[in-house]
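Visitor: Quick one: structure below, then a few questions.
The values are calculated or read from the model by the stated rules, or taken from the named source; none is laboratory data. Note that this is a predicted model, so its numbers are computed, not measured. A quick note on method: Cβ atoms are made from the backbone with ideal geometry, for glycine too, and the neighbour counts reach across all protein chains shown.
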Amino acid sequence: MSEQEHVTLQKIISLTKRRGFVYPSSEIYGGWEATYDFGPLGAEVLRNIRNLWWEEFVTKQPDIMGLDGALISHPRVWEASGHVESFADVMVEDLVTHRRYRADHVIEESTGIVADGSSPQEIDDLIVSHKIKSPAGNPLSKAKSFNSLVEVQVGTVENAKTTAYLRGETCQPIFYNFNLVRESMRKKIPFGIAQIGKAFRNEIKVGPFIFRTREFEQMELEMFVHPREADIYFDRFKMWSLEWLKSIGLNSERLRLRDQEFKERAHYNKIATDGEYNFPFGWKEFMGLHYRGDWDLKRHGEFSGENFMYKEEETGEEFIPHIVEYSIGLTRLMFVLLMDAYKELDDRVVLSLDPRIAPYKAAVFPLVRNKPEIVEKAQDVYNTLLRLGISTDWDDRGNIGKRYLSQDEIGTPSCITVDYQTLDDNTVTVRNRDTTEQMRVPIEELDELIG
Ligand code: ATP
């Protein structure tokens, strides 16, 4: 990461804390590693992204439905999914500082070799043959596998508690509920089930910032298809997911799709393509498209005894449906959108977020504070916008110029000023965040302009 990029990243971290987007969690207790709380503005941004994603991939789709599954399900779910056995990263320890690292990250950073998916033995061989040291320059321990599932003890009777797992990905409830959804909703293949929610992983290496955390949120869509149609859906999801990102304003130059190499792929994937963003710390995944074949339903069938065979009415053919998955991290996507929107222009900092994602759609200012008619009128405009359900900020501090700067850095697309002329003709000035241009607009047209 260049000095300039490091500075930009630090500025974004500091801006998002200072302005109520992202706080380090439990800060009064000294913080809790890699855990963040989302402040009032961050909560709005997350809600806006969630709503836009759900509207596009669920509400508007006749063949896709939503689900809200449990965070903790039967422990057998995670045995069937393969996570108990192989949801593991290989780690190495710095023998002097005792800091732990993901082995593939250390190897990639010092040699450029992609080692994700390598066994502990292969990692040890690479460390020896390339004389790899820890990032602090110290010798490394032997590589060990480390399971990422977060265990929880559930139950009320001491000694009779069951070890269960916080879900490591949101899609498992979708898989084990496949028959219930299909029957209760009377669906025929192909159809999809989507879910947005929290997932938990005991990540060895966390950060930077909210890029990799132990608790995070995912948006996942699982399409159940006939095997012959899997390729069509895979290609369709590639196009569709990119188009959606563009529609919410993501700059395509810093965005790319990359097909995963065989070794990198998770145990269940036949084909996998990553959506990557060019962060200051390199091209990194924030979205994945996976062809999971019949792995998931087959395994849940084997472990539970449930019959997941599907009979096609027209042909009488029986098969286990195949799954094409589109998975995107909500909190990681928020980071991508913040990085992409952050701009330093002349004397101002602007978060040029899509207006539908910006925490406030508008801010209302009275031109002066000492003229009661102006303040009252401005309050009327503010309250009207709130009643219309338009997320709006109020600011009467300092001068107008400072208020504009303050709104620019949180991405508010329109600033509305009530002034002397408003009292005569019921119009206000609306100043645009990106162009800084101002225009006069009748108050009754405001909701159309910004709503
Ligand atoms: P990575 O290689 O970064 O660990 P992954 O390949 O394990 O990610 P998936 O299991 O495919 O990720 O999860 C889908 C998406 O969930 C990722 O593209 C990412 O956006 C998000 N995600 C996964 N792990 C984390 C995490 N620890 N913190 C934040 N988001 C995450």
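Visitor: ASN138 - would you say it is touching a strand residue (DSSP E or B) at 6+ places or on another chain (Cβ under 8 Å), of a type in the set (S, T, N, Q) and assigned by TED's automatic domain parsing to the domain that holds HIS98?
Guide: yes
Visitor: Within region 218-234, take every residue that is among the charged types (D, E, K, R) and buried (at least 21 other Cβ atoms within 10 Å of the Cβ) and give me the one that is nearest to the ligand (Cβ to nearest atom). Break it down into steps so the answer makes sense when it comes.
Guide: To start, the set of residues in region 218-234 that are among the charged types (D, E, K, R) comprises 220, 222, 228-229, 231.
Restricting the remaining residues to those that are buried (at least 21 other Cβ atoms within 10 Å of the Cβ) gives 220, 222.
Working: GLU220: 8, GLU222: 12 Å.
Here the answer is GLU220.
Visitor: With the checklist (1) among the aliphatic types (A, V, I, L, M); (2) in the same structural domain as LEU245 (by TED's automatic domain parsing); (3) surrounded by fewer than 17 Cβ atoms within 10 Å (Cβ to Cβ) in hand, flag the one item VAL7 doesn't pass.
Guide: Going through (1) among the aliphatic types (A, V, I, L, M); (2) in the same structural domain as LEU245 (by TED's automatic domain parsing); (3) surrounded by fewer than 17 Cβ atoms within 10 Å (Cβ to Cβ) one by one, VAL7 breaks only (2).
Visitor: Select from region 82-131 the residues that are hydroxyl-bearing (Ser, Thr, Tyr) and either within 30 Å of TYR176 (Cα to Cα) or assigned to a loop (DSSP other than H, G, I, E, B) (or both) and list them in ascending order.
Guide: Of everything in region 82-131, those that are hydroxyl-bearing (Ser, Thr, Tyr) and either within 30 Å of TYR176 (Cα to Cα) or assigned to a loop (DSSP other than H, G, I, E, B) (or both) turn out to be SER86, THR97, SER118, SER119.
Visitor: Show me the strands (runs of 3 or more DSSP E) found entirely inside region 383-451 where at least 2 residues are at negative phi and either more than 32 Å from the chain's Cα centre (by Cα) or not assigned by TED's automatic domain parsing to the domain that holds PRO372 (or both).
Guide: Values: elements: 392-394, 414-418, 427-432, 438-442.
Of the strands (runs of 3 or more DSSP E) lying wholly inside region 383-451, those with at least 2 residues that are at negative phi and either more than 32 Å from the chain's Cα centre (by Cα) or not assigned by TED's automatic domain parsing to the domain that holds PRO372 (or both) span 414-418, 427-432, 438-442.
Visitor: Now, a different point. Pairs, please: C-beta under 7 Å, at least 6 apart or cross-chain, first residue hydrophobic (A, V, I, L, M, F, W, C) and in region 192-220, second near the ligand (Cβ under 7 Å from one of its atoms) and assigned to a loop (DSSP other than H, G, I, E, B)?
Guide: Close Cβ pairs (under 7 Å, with a partner that is near the ligand (Cβ under 7 Å from one of its atoms) and assigned to a loop (DSSP other than H, G, I, E, B)) amount to ALA199/GLU169; PHE200/ARG214; VAL206/ARG212; VAL206/THR213; VAL206/ARG214.
Visitor: Would you say ASN179 is within 16 Å of the ligand (Cβ to nearest atom), within 21 Å of SER81 (Cβ to Cβ) and among the polar types (S, T, N, Q)? It would help to see each step written out before you state the result.
Guide: Numbers: within 16 Å of the ligand (Cβ to nearest atom): no; within 21 Å of SER81 (Cβ to Cβ): yes; among the polar types (S, T, N, Q): yes.
Taking the combined requirement at face value, the residue does not satisfy it.
Visitor: Pairs under 6 Å by beta carbon, first residue closer than 17 Å to MET219 by Cα in region 165-181, partner within 13 Å of the ligand (Cβ to nearest atom) and among the β-branched types (Val, Ile, Thr), six or more apart or different chains?
Guide: LEU166/VAL150
Visitor: Here's another thing I want to ask about it. Of all residues being modelled with pLDDT of 95 or more and more than 10 Å from the ligand (Cβ to nearest atom) in region 197-208, which is surrounded by the most Cβ atoms within 10 Å (Cβ to Cβ)? Just the residue, please.
Guide: My answer is GLY197.
Matching residues to (1) exposed (fewer than 15 other Cβ atoms within 10 Å of the Cβ); (2) free of Cβ contacts under 8 Å to residues at least 60 places away in the same chain; (3) under 25 Å from the mean Cα position of the chain (by Cα):
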| residue | (1), (2), (3) |
| --- | --- |
| ARG18 | yes, yes, yes |
| ILE28 | yes, yes, no |
| ARG50 | no, no, yes |
| THR59 | yes, yes, yes |
| PRO62 | yes, yes, yes |
| GLU79 | yes, no, no |
| GLY82 | no, no, yes |
| PHE87 | no, no, yes |
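Visitor: For region 266-273, check the following and say yes or no: at least one residue is free of Cβ contacts under 8 Å to residues at least 24 places away in the same chain, within 17 Å of the chain's Cα centre (by Cα) and either within 30 Å of LEU52 (Cβ to Cβ) or more than 13 Å from the ligand (Cβ to nearest atom) (or both).
Guide: The answer is no; no qualifying residue exists.
Visitor: Would region 235-248 turn up any residue that is assigned to a helix (DSSP H, G or I) and within 13 Å of the ligand (Cβ to nearest atom)?
Guide: Looking for residues that are assigned to a helix (DSSP H, G or I) and within 13 Å of the ligand (Cβ to nearest atom), one finds at least one in region 235-248, hence yes.
Visitor: Does VAL92 meet the test of being among the aliphatic types (A, V, I, L, M) and in the same structural domain as PHE209 (by TED's automatic domain parsing)?
Guide: no
Visitor: Taking GLU253 as meeting all but one of (1) part of a strand (DSSP E or B); (2) surrounded by fewer than 16 Cβ atoms within 10 Å (Cβ to Cβ); (3) out of contact with any helix residue (DSSP H, G or I) (no Cβ under 7 Å at 6 or more places or on another chain), write down the number of the exception.
Guide: (1)
Visitor: In region 376-392, what residues are within 19 Å of THR429 (Cβ to Cβ) and either touching a residue at least 40 places away in the same chain (Cβ under 8 Å) or hydroxyl-bearing (Ser, Thr, Tyr) (or both)?
Guide: Answer for region 376-392, where residues must be within 19 Å of THR429 (Cβ to Cβ) and either touching a residue at least 40 places away in the same chain (Cβ under 8 Å) or hydroxyl-bearing (Ser, Thr, Tyr) (or both): LYS377, ALA378, VAL381, TYR382, THR384, LEU385, ILE390, THR392.
Visitor: Condition first: part of a loop (DSSP other than H, G, I, E, B) and of a type in the set (D, E, K, R). Now tell me which residues in region 1-55 satisfy that.
Guide: Answer for region 1-55, where residues must be part of a loop (DSSP other than H, G, I, E, B) and of a type in the set (D, E, K, R): ARG19, GLU33.
Visitor: Please identify the pairs in which a residue from region 331-347 that is under 21 Å from ARG256 (Cα atoms) has its Cβ atom under 7 Å from the Cβ atom of a residue that is of a type outside the set (A, V, I, L, M, F, W, C) and within 12 Å of the ligand (Cβ to nearest atom), counting only partners at least 6 apart or on another chain.
Guide: Short answer, once both residue conditions are applied: THR331/THR213; THR331/GLU217; VAL336/TYR277.
Visitor: How do the pairs read when you match residues in region 300-317 that are farther than 15 Å from LYS187 by Cβ with residues anywhere that are part of a strand (DSSP E or B), using Cβ under 6 Å and keeping only pairs 6 or more apart or on different chains?
Guide: MET309/GLU318
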